[in-house]
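The values are calculated or read from the model by the stated rules, or taken from the named source; none is laboratory data. The shown structure was predicted, so the numbers you read here are calculated from the model rather than taken from an experiment. Cβ sites come from the backbone with ideal geometry, for glycine too, and all protein chains shown count toward neighbours.
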Amino acid sequence: MSDFLDENHSATGAVDTTPDTPAIHFDVFTLFPQMFVSPLSESIIYRALENRLISIALHNIRDYTIDRHHICDDTPYGGGGGMVMKPTPIVRAVESVLARSAGWSLPPEDAYENLPPWEETTPATRPVDTAVILLTPQGRPLTQTVVAELHQFKRLALVCGRYEGFDERVRTQLATDEISIGDYVLSGGELAAMVMIDAVTRLVPGALGYALGAHQDSHSPGLGGLLEGPQYTRPYTFRGEPVPDVLISGHHANIDRWRHEQSLMRTLARRPELLETLPLTAADRAFLKTHGWQPRSPG
Ligand code: ADE
């Protein structure tokens, strides 16, 4: 759909050391592909696309309709308010795209008129290493653990719902997973898909441009799933508030210990429920207890 996101950018002049095959390819299915263009054209995602660490193809579900008015939604059986997304254009779009190599998208001039042959009555076999994910408020919650799981796939098809949701046959016949980015309702799955693309891309080696990458982020393995503690940079004093002495001591063991304790305290203050399931050491538990932690599970 969007040329700039599919385009093969090649470096000129300097030797090109970027991989030929991106680590992960996202196929996004939406009624509003333009929503993605600006968010994916900046910063880390843009650089990951430029360096071919990831690739993204945007597919307009409406292109896969064959009726005169290109209708993608209809009234619910059984009555009630709202509209439901019809299964046929979605399933047709996703199966047509996944039957082809990563990077393929329907040429714009073929929309509606010249769709590839598609087996309407029998489900297509899904390629290996591919997940088909519906973005809906009813999905399993997106956490860093889920992000790490999704990062294992070579290809992710992200299907963005609108209106009151999907016809159930999209779930039963197409989806392999269903994800929510939080307990609130968005106007559609597009913003949720962007969140997922961003979070997964951060885990692709090289995407963050520094050695440790996302390993040291909040919720990530380097911090043992804890929240990240406070960070400081210049100036040394800002409005009378100086940087903690330990950070300018040059004593790396003390700095590491201080950071770890700050992570523990921040997690205790803001997300105490996380502490219940993290692999804390005996020293961590003792430290937290001196700061008022009362674990629900003893140990
Ligand atoms: N679509 C609407 N609300 C959503 C949510 N919270 N997460 C994912 N997709 C959605």
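Here are a few things to note about the model shown:
- Top-ranked residue in region 177-206 [being in a strand (DSSP E or B) and surrounded by fewer than 22 Cβ atoms within 10 Å (Cβ to Cβ); ranked as nearest to the ligand (Cβ to nearest atom)]: S180
- Counting residues in region 224-234 that are assigned to a loop (DSSP other than H, G, I, E, B), within 16 Å of the ligand (Cβ to nearest atom), out of contact with any strand residue (DSSP E or B) (no Cβ under 6 Å at 6 or more places or on another chain) and farther than 28 Å from T281 by Cβ gives zero.
- S101 satisfies every condition listed in (1) within 16 Å of the ligand (Cβ to nearest atom); (2) surrounded by fewer than 17 Cβ atoms within 10 Å (Cβ to Cβ); (3) of a type in the set (S, T, N, Q) except (1).
- Residue, farthest from E113 (Cα to Cα), within region 54-71, restricted to residues that are over 15 Å from the mean Cα position of the chain (by Cα) and either in contact (Cβ under 8 Å) with a residue 60 or more places away in the chain or in a helix (DSSP H, G or I) (or both): I61
- Any pair with Cβ under 7 angstrom, 6 or more apart, that starts in region 72-89 at a residue that is assigned by TED's automatic domain parsing to the domain that holds L31 and ends at one that is in a helix (DSSP H, G or I) and among the β-branched types (V, I, T): C72/I61; P87/V170; P89/I61
- In region 148-176, the residues that are basic (K, R) and assigned to a helix (DSSP H, G or I): R169, R171
- In region 236-277, residue farthest from S297 (Cα to Cα) [restricted to those that are of a type in the set (A, V, I, L, M, F, W, C) and outside any helix (DSSP H, G or I)]: F238
- Considering only residues in region 31-53 that are assigned to a loop (DSSP other than H, G, I, E, B) and touching a helix residue (DSSP H, G or I) at 6+ places or on another chain (Cβ under 8 Å), the one that is nearest to K154 (Cα to Cα) turns out to be L53.
- Look at region 179-199: where a residue is within 20 Å of I61 (Cα to Cα) and not assigned by TED's automatic domain parsing to the domain that holds C160, no partner that is hydroxyl-bearing (S, T, Y) and within 8 Å of the ligand (Cβ to nearest atom) sits 6+ places away or on another chain with Cβ atoms under 8 Å.
- Matching entry among L174, L134, L115 (being farther than 25 Å from R52 by Cβ, within 10 Å of the ligand (Cβ to nearest atom) and at pLDDT 95 or above): L134
- Contacts under 6 angstrom Cβ, first residue in region 138-167 being outside the structural domain of G81 (by TED's automatic domain parsing), partner polar (S, T, N, Q) and modelled with pLDDT of 95 or more, 6 or more apart: none
- For region 93-128, a residue qualifies if it is without any contact (Cβ under 8 Å) to a residue 60 or more places away in the chain, outside any loop (DSSP other than H, G, I, E, B) and under 20 Å from H25 (Cβ atoms), and exactly one does: S96.
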